[in-house]
Amino acid sequence: MRLHELRPPKGASKAAKRKGRGMASGLGKTAGRGQKGQKSRTGSGIRRGFEGGQMPYFQRLPKRGFTNIFKQKWNIVNVSDLASFDQGTVITQEMLHEAGLIRNLRDPLKVLGNGELDRKLEIRANRFSKQALEKIEAAGGKAEVI
């Protein structure tokens, strides 16, 4: 069997209803839309949340707070995540991205001190927490701020 020979099983696919093709089809004239009204018109459609002209629920609710568009997002990695790398490795943001520990390379990297580190590593990041610095240096490693 080849790709072009594949067919859906019998009864799995139905022909589309051919609307507006004469009265004998059962879907002629109004094409199953009924008569008059907003839903019978072409291009019609009631937007999501519309309540017939009454003030929609989401507009009646009180608004609180705001979103700071200048908020700095960080890629966060814990010391325990770095334990998967080999002894003496120089860890960069690109390596962490390839390993799947961080999502994107646009945001700066911060290393936090959660967990234990038992190997000597050289880590290059934008920021380190105090605990992370202590644990990296206690293991004989080096923390370099970039």
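We did not get these values from a lab; they are worked out from the coordinates using the rules stated. Keep in mind that what you see is a predicted model, and the values were worked out from it rather than measured. Note that each Cβ is placed from the backbone with ideal geometry, even for glycine, and that neighbours are counted across all protein chains shown.
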_From phi via Karplus (6.51, -1.76, 1.60), per-residue ³J(HN,Hα) for segment 76-87 in Hz, x at Gly/Pro_ = 10, 10, 8, 4, 5, 5, 6, 5, 7, 8, 6, 4
*Which whole-Hz couplings ³J(HN,Hα) result when phi for each residue of segment 13-21 is put into the Karplus expression 6.51 cos²θ - 1.76 cosθ + 1.60, θ = phi - 60°, listed in order with x for Gly and Pro?*
10, 10, 6, 5, 5, 8, 7, x, 10
*For residue 91, which sequence-distant residues (separation of 5 or more, or a different chain) have an amide H within less than 5 Å of its own amide H, given hydrogens modelled in the peptide plane?*
122, 123, 124
*Just flag the trypsin sites (Lys or Arg not before Pro) in segment 13-65 sitting in loop per DSSP whose Cβ has no more than 14 other Cβ atoms within 10 Å.*
14, 17, 18, 19, 21, 29, 36, 41, 47, 48, 63, 64
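Return the loop-located GluC sites (Glu not before Pro) in segment 50-146 (DSSP other than H, G, I, E, B) with at most 15 other Cβ atoms within 10 Å of their own Cβ; answer none if there are none.
Numbers: sites: 51, 94, 98, 116, 122, 134, 137, 144; in loops: 116.
In loop regions of segment 50-146 (DSSP not H, G, I, E or B), the sparsely surrounded GluC sites (Glu not before Pro) are 116.
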*Fewest to most neighbouring Cβ within 10 Å: what's the order for 6, 112, 105?*
6, 105, 112
